[in-house]
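Trainee: Have a look at this one.
The values are calculated or read from the model by the stated rules, or taken from the named source; none is laboratory data. From a predicted model like this one, the values you see are computed outputs, not experimental measurements. Because the Cβ atoms are built from the backbone with ideal geometry, glycine has one as well, and the counts that use them run over all protein chains shown.
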Amino acid sequence: MCNIVYQTIHNKQFKNKKNTIMETKKSTSIYFSDESIAFLRLKFKNVSAGINEAIGIIKEADALGISAKEIIEQIKILQQIRKISLKELRGVFKENEWKFLADVLKDKIITSEFRCLQSGLIAEIEESEHFYGKASKMKIDLKEITEKIEILTGAEIDAIYFRVEQFWGDKNRNIDDWCRW
């Protein structure tokens with residue numbers, strides 16, 4: 001995948017008002033396979049951006065106590081949980097309720113701490129009715145949809161957000177087909 005060729009050390013000196021600080025920077029030349037370079041260019045702005053993104057991900061995982069090798073396993077587990085949770089959601093909501101959820105959650109930025117909470121999703125739909133009258137306009141029984149949400153698991157709540165995000169991210173989306181799911 002890659003070969004490290006050589007490493008040089010550059011010292012850069014700068015001063016502040018109180019003292020002199022010496023900063024050491026290392027420069028390393030790395031040769032990547034053509035396949036790796038093509039992948040990094042495809043997925044990121046350039047090779048350096050891809051490497052920096054990968055390092056950032058590994059640092060975040062390390063801060064969470066997850067090794068670099070465990071990242072993939074954790075992602076596979078999350079995908080399996082979502083797959084099962086999506087199956088469990090089939091038939092829970094009516095077509096017009098899915099349209100309502102898609103409308104309410106459009107362009108919402110949901111944090112990882114928030115996206116598994118029934119109370120958070122309920123607050124979103126209640127606020128959409130309170131401020132914009134969306135449930136009334138779409139003929140949604142707010143009490144009925146709230147009761148459905150209250151019995152869902154955290155993984156199923158996440159699956160709702162995930163499904164809506166996938167819908168809005170699809171350039172060929174068709175709300176009617178999506179709601180018949």
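Trainee: Does Glu124 meet the test of being of a type in the set (D, E, K, R), closer than 28 Å to Ile77 by Cα and surrounded by 12 or more Cβ atoms within 10 Å (Cβ to Cβ)?
Mentor: yes
Trainee: Continuing with this model, one more query. Check Glu97 against each of (1) closer than 23 Å to Ile81 by Cβ; (2) more than 18 Å from the chain's Cα centre (by Cα); (3) loosely packed, with under 13 Cβ neighbours inside 10 Å and name the one condition it does not meet.
Mentor: (3)
Trainee: Here is a follow-up. Here is a list of conditions, (1) of a type outside the set (Phe, Trp, Tyr); (2) loosely packed, with under 10 Cβ neighbours inside 10 Å; (3) under 24 Å from Gln166 (Cβ atoms), and Glu35 meets all of them except one; can you say which number that is?
Mentor: Failed condition: (3).
Trainee: Got a sec? Which of Lys139, Lys106 is at pLDDT 95 or above, basic (Lys, Arg) and within 18 Å of Asn174 (Cα to Cα)?
Mentor: Result: Lys106 is the single residue among Lys139, Lys106 that is at pLDDT 95 or above, basic (Lys, Arg) and within 18 Å of Asn174 (Cα to Cα).
Trainee: Within segment 152-172, count every residue that is among the charged types (D, E, K, R) and either at pLDDT below 95 or farther than 17 Å from Val104 by Cβ (or both).
Mentor: Matching residues across segment 152-172 total 2.
Trainee: Okay, next question. Which of (1) more than 24 Å from Asp176 (Cα to Cα); (2) touching a residue at least 40 places away in the same chain (Cβ under 8 Å) does Gly120 not meet, given it meets every other one?
Mentor: With (1) more than 24 Å from Asp176 (Cα to Cα); (2) touching a residue at least 40 places away in the same chain (Cβ under 8 Å) applied to Gly120, the lone miss is (2).
Trainee: Continuing with the same structure: Which members of segment 163-181 meet the condition of being surrounded by fewer than 12 Cβ atoms within 10 Å (Cβ to Cβ) and either closer than 18 Å to Gly91 by Cα or among the charged types (D, E, K, R) (or both)?
Mentor: Step one: filter segment 163-181 for residues surrounded by fewer than 12 Cβ atoms within 10 Å (Cβ to Cβ), giving 169-172, 174, 176-177, 180.
Once the filter is applied, which keeps residues that are surrounded by fewer than 12 Cβ atoms within 10 Å (Cβ to Cβ) and either closer than 18 Å to Gly91 by Cα or among the charged types (D, E, K, R) (or both), segment 163-181 yields Asp170, Lys171, Asp176, Asp177, Arg180.
Trainee: Does Lys148 satisfy being basic (Lys, Arg), in contact (Cβ under 8 Å) with a residue 40 or more places away in the chain and on the phi > 0 side of the Ramachandran plot?
Mentor: The answer is no for Lys148.
Trainee: Take the conditions buried (at least 17 other Cβ atoms within 10 Å of the Cβ) and free of Cβ contacts under 8 Å to residues at least 60 places away in the same chain and apply them to Val104. Does it pass?
Mentor: Answer is yes for this residue.
Trainee: Tell me whether segment 140-150 contains one or more residues that are within 20 Å of Arg82 (Cα to Cα), surrounded by 13 or more Cβ atoms within 10 Å (Cβ to Cβ) and under 19 Å from the mean Cα position of the chain (by Cα).
Mentor: Checked against the condition, which is being within 20 Å of Arg82 (Cα to Cα), surrounded by 13 or more Cβ atoms within 10 Å (Cβ to Cβ) and under 19 Å from the mean Cα position of the chain (by Cα), segment 140-150 yields no hits at all.
Trainee: What do you reckon, is Glu113 at pLDDT 95 or above and more than 22 Å from Arg173 (Cβ to Cβ)?
Mentor: Answer is no for this residue.
Trainee: I've got another one for you. Name the residue, out of Ile84, Ile77, Ile72, Ile58, that is in contact with a helix residue (DSSP H, G or I) (Cβ under 7 Å, 6 or more places away or on another chain) and among the hydrophobic types (A, V, I, L, M, F, W, C).
Mentor: Being in contact with a helix residue (DSSP H, G or I) (Cβ under 7 Å, 6 or more places away or on another chain) and among the hydrophobic types (A, V, I, L, M, F, W, C) holds for just one of Ile84, Ile77, Ile72, Ile58, which is Ile58.
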